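Right, one structure below, let's go through it.
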Amino acid sequence: MKPLRLTVTVLSSLLATACGSPQSIIHTVTEKTTFHAPTSIQAPMIAGDSPAQIWTFPKDPASVIQYLAKRLSTASITSARPPKTNQNVQFADYIGPAQLYFYDESGHRILVEPAYSIAHKRTGYEVALLKNIVEYHDGNHVTYLKAPQLFHWLSADKYWGAQFREESSTTSEQKAITDAKESKWGGHPTSIFPALPGINRREIKRSASVQSKQGKAIPVTVESIADPSGANIKITFIEVWQNGKRQHKWIYTVSAKGKVTSHTQSGDAVPT
């Protein structure tokens, strides 16, 4: 990251909230010896490292979820800590690294980010990353983890950015999603997906007869993607479960007049 030459006004420790607005938060460092990685990862998103912290969601959620599950399963708790940032130094905009958000098996919203501090040098203020270390935030509890590959992936836009797309939509894309859902090939299977391009989570409740053997619910990630293609828009609905090992896709081509001109589906049998 480039040195920062900014007028100091507002930040101590910033996080992006669900609506995209950073907020300060008090952290409690969790002192444990063993890190228990999440058994389920749902709806991963990344808030970028720009001052506006633009939200992004995966192009291929299954592969991203598998990657995160693998990296967190090999992470270990470390005593390493970044130098303390001067608490009197505050900035108007977010100036830290990219921040990964997802939901775990308990429904907690987890934040993972490279460990960092803000250093003051002759050239100005700059973000100093603590190599190979990430902060794992569960509520206001923070665990420092040694996770070199996850740190590397999150530390530069060119790595994670290739797998994510900005959360934005046009009126025509939103309409195309609605047209696909309301077509005779849509209906109930597609009602679970976001009405705008983006990602969400849900749980599939199991029947009482299988709860004792397979658990009460299946954590699922659902995503809607809109890709303009000439005068048409391709709508893709993706359902992912078993930490990215299983997925199903519905793909629709929607014309400018709202007509579904083609539709296909593929993947694993949808869980029930």
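The values are calculated or read from the model by the stated rules, or taken from the named source; none is laboratory data. All figures in this text were calculated on a predicted structure; none of them were measured in a lab. Here Cβ is always computed from backbone atoms with ideal geometry, including for glycine, and neighbour counts include all displayed protein chains. Side chains are part of the model used for accessible areas, which takes the heavy atoms of the whole protein and leaves out ligands, DNA and RNA. Shrake-Rupley method; radii C 1.70, N 1.55, O 1.52, S 1.80 Å.
For this structure, a couple of remarks:
- Failed criterion for Val142 (all others in (1) open to solvent by 30 Å² or more (accessible area, probe 1.4 Å); (2) touching a residue at least 24 places away in the same chain (Cβ under 8 Å); (3) under 30 Å from Lys216 (Cα atoms) hold): (1)
- With respect to the conditions (1) open to solvent by 30 Å² or more (accessible area, probe 1.4 Å); (2) assigned to a helix (DSSP H, G or I), Ile177 lacks only one, and its number is (1).
- Near pairs, Cβ below 7 angstrom, 6+ apart or cross-chain, from segment 65-79 (touching a residue at least 12 places away in the same chain (Cβ under 8 Å) and part of a loop (DSSP other than H, G, I, E, B)) to any residue that is open to solvent by 50 Å² or more (accessible area, probe 1.4 Å) and not hydroxyl-bearing (Ser, Thr, Tyr): Ala75/Lys146; Thr78/Lys146
- The number of residues in segment 227-264 being open to solvent by 20 Å² or more (accessible area, probe 1.4 Å), touching a strand residue (DSSP E or B) at 6+ places or on another chain (Cβ under 6 Å) and more than 19 Å from Ile199 (Cα to Cα) comes to 7.
- Candidates in segment 119-128 are the residues that are assigned to a strand (DSSP E or B) and touching a residue at least 40 places away in the same chain (Cβ under 8 Å); of these, the one that is farthest from Pro58 (Cα to Cα) is Lys121.
- Ile110 satisfies every condition listed in (1) touching a strand residue (DSSP E or B) at 6+ places or on another chain (Cβ under 6 Å); (2) over 26 Å from Glu239 (Cβ atoms) except (2).
- Within segment 212-219, one or more residues are open to solvent by 30 Å² or more (accessible area, probe 1.4 Å), out of contact with any strand residue (DSSP E or B) (no Cβ under 6 Å at 6 or more places or on another chain), over 24 Å from Leu68 (Cβ atoms) and not in a loop (DSSP other than H, G, I, E, B).
- Matching residues in segment 180-204 - criterion: being closer than 14 Å to Ile251 by Cα and either in contact with a Ser or Thr (Cβ under 7 Å, 6 or more places away or on another chain) or open to solvent by less than 40 Å² (accessible area, probe 1.4 Å) (or both): Ala180, Lys181, Ser183, Gly186, Gly187, Thr190, Phe193, Pro197
- When Thr253, Thr236, Thr261 are checked against the criterion of being among the β-branched types (Val, Ile, Thr) and over 15 Å from Thr190 (Cβ atoms), Thr261 stands alone in meeting it.
- The residue that is farthest from Glu223 (Cα to Cα), counting only those in segment 152-171 that are open to solvent by 70 Å² or more (accessible area, probe 1.4 Å) and in a helix (DSSP H, G or I), is His152.
- Test result for Glu113, in contact with a helix residue (DSSP H, G or I) (Cβ under 8 Å, 6 or more places away or on another chain), in contact (Cβ under 8 Å) with a residue 40 or more places away in the chain and either surrounded by 15 or more Cβ atoms within 10 Å (Cβ to Cβ) or of a type in the set (A, V, I, L, M) (or both): yes
- Condition check for Thr33: open to solvent by 50 Å² or more (accessible area, probe 1.4 Å), part of a loop (DSSP other than H, G, I, E, B) and modelled with pLDDT under 95: yes
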